[in-house]
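Enquirer: I'd like to ask you about the structure that follows.
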Amino acid sequence: MRAPDVDPEEFRPLPPAGRRVTRERPVRLRDVTSRGRVRLDALADYLQDVATDDVDDAGLVGAWVLRRLVLALGDPPQYGDAVALTTFCSGSGGRFAERRTTLSVGGRVAVEAVALWVYVDDAGRPAPLKDWFFARYGEAAGGRRVKSRLRLPPPVADAAVRPWPLRVTDVDVLDHINNAASWAAVEDELGRRHADRRLARAEMEYRKPVDLDEAIELRTRAGPDGFSCWLTHEGEVRTAARVWFA
C-alpha cells in the first residue's frame with residue numbers, strides 16, 4: 001500500500017487567528033535510534049508535552065485521553081536537532097477535539113501531526129465540551145467538526161504473534177499504559193526488521209486502555225510498503241498501528 005499523500009483537510013494549516021502555542025526542545029540521546037533518528041515513542045512524548053503545556057497555560061481542568069495519532073514524517077528530526085513544536089486546535093466533536101502540531105527544524109517542516117483527544121471526567125468517562133472549551137479554542141478551530149470513527153483494520157489471521165512485556169515505568173497517572181509507550185512496540189518492529197527503510201507516515205489508534213497486569217501480545221503483518229501491528233489481550237485489540245515507508 002502506497003503511503004497516502006498529506007491531505008490538507010486532515011493536516012490543517014495554521015489558522016490566521018486563534019490560540020496557538022509553540023515550544024522548543026533539543027533531540028537528546030535518549031530520544032533516538034542507533035542511527036540517530038528520533039524514535040516514534042519520543043515523538044509521541046514531545047506531542048503529549050506540548051499539548052499538556054497548552055492545556056495548562058489555558059487554565060483548563062480535567063483529563064484528555066488520546067484516541068488517534070497520525071504522523072506525516074517528511075524528514076524526521078535527528079540527534080542534536082533543535083525542534084520547534086507549534087500546536088493548535090483544528091476541530092472538535094461533542095466530547096473530543098482535534099489537535100494539529102507541526103514540528104520544525106531550522107525553519108523546515110520535519111513532521112506534521114494530527115491527534116484526536118477525548119475529554120474525560122473524574123470517573124474516566126467521555127464528557128461534553130462546553131463554553132469553557134470554545135472560549136479558548138473556538139477561534140482557531142473555526143467551527144470545524146471532526147469525527148472519531150476508527151479506520152485501521154483488525155488483525156489478519158496470519159499475523160506473526162509474540163508476547164509484549166509491559167513495564168511499571170510505562171504506567172501514567174491514569175493508571176494504565178501511557179500512549180507514548182505503545183509506540184515502543186512499533187519502534188521494536190522497525191528496528192528488528194525494517195531498520196534501513198525511510199518512514200513516510202505512521203498512525204495509531206487507541207481502542208481500549210492497556211493495564212499493567214494484562215498479558216499483551218504484539219501481532220504484526222508486513223508488506224512491501226509498510227507494516228501493521230496490534231497490541232492485543234486475549235484476542236481483543238487494545239491499540240492498532242500502521243506504518244508506511246517512503
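None of the figures in this text is laboratory data; all of them are computed from the coordinates on show. Since we're looking at a predicted model, the values are computed, not measured.
Enquirer: Using modelled amide H (1.01 Å from N, peptide plane; none on Pro or chain starts), what sits under 5 Å from the amide H of residue 199, excluding residues fewer than 5 places away?
Expert: Correct list: 246.
Enquirer: Quick one, could you list the DSSP H helices from the chain stretching 24 Å or more along their long axis (Cα atoms) with average Kyte-Doolittle hydropathy of -0.5 or above?
Expert: Long hydrophobic helices here: 40-58.
Enquirer: Across 5 Å bins from 0, what is the distribution of all Cα-Cα pair distances for region 160-245, in whole percents?
Expert: In order of increasing distance, the bins hold 3, 14, 28, 24, 16, 10, 4, 0 percent.
Enquirer: Also, I was wondering about something else. Regarding region 90-163, what whole-number volume in Å³ per residue does the convex hull of its Cα atoms give?
Expert: Convex hull volume per residue, Cα atoms: 200 Å³.
Enquirer: Given H placed 1.01 Å from N in the peptide plane, which residues other than close sequence neighbours of residue 63 have an amide H under 5 Å from its amide H?
Expert: Answer set, sorted by chain and number: 120.
Enquirer: ³J(HN,Hα) across region 8-14 via Karplus (A = 6.51, B = -1.76, C = 1.60, θ = phi - 60°), whole Hz, x for Gly/Pro?
Expert: The phi angles translate into x, 6, 8, 9, 5, x, 4 Hz.
Enquirer: Give the long-range amide H neighbours of residue 83: residues separated by 5 or more places, or on another chain, with amide H under 5 Å away, using H modelled in the peptide plane at 1.01 Å from N.
Expert: Long-range HN contacts for residue 83: 25, 27.
Enquirer: Using θ = phi - 60° and the Karplus curve 6.51 cos²θ - 1.76 cosθ + 1.60, what whole-Hz ³J(HN,Hα) does each residue of region 156-165 get, with Gly and Pro shown as x?
Expert: Taking θ as phi minus 60°, the curve returns 8, 5, 9, 5, 5, 10, 8, x, 10, x Hz for region 156-165.
Enquirer: While we're on this one: Rounded to the nearest 500 deg cm²/dmol, what is the calculated helix-only ellipticity per residue at 222 nm for the chain, with -39500 (n - 2.57) per DSSP H run of length n ≥ 4?
Expert: -6000 deg cm²/dmol
Enquirer: Pick from 222, 135, 113: which residue has the top mean-square fluctuation in a GNM of the chain where Cα pairs under 10 Å get a spring?
Expert: 135
Enquirer: Now a separate question. Tabulate in residue order the Karplus-calculated ³J(HN,Hα) for region 112-128, using 6.51 cos²θ - 1.76 cosθ + 1.60 with θ = phi - 60°, rounded to whole Hz; enter x for Gly and Pro.
Expert: 10, 9, 9, 10, 10, 10, 9, 7, 10, 8, 5, 8, x, 9, x, 10, x
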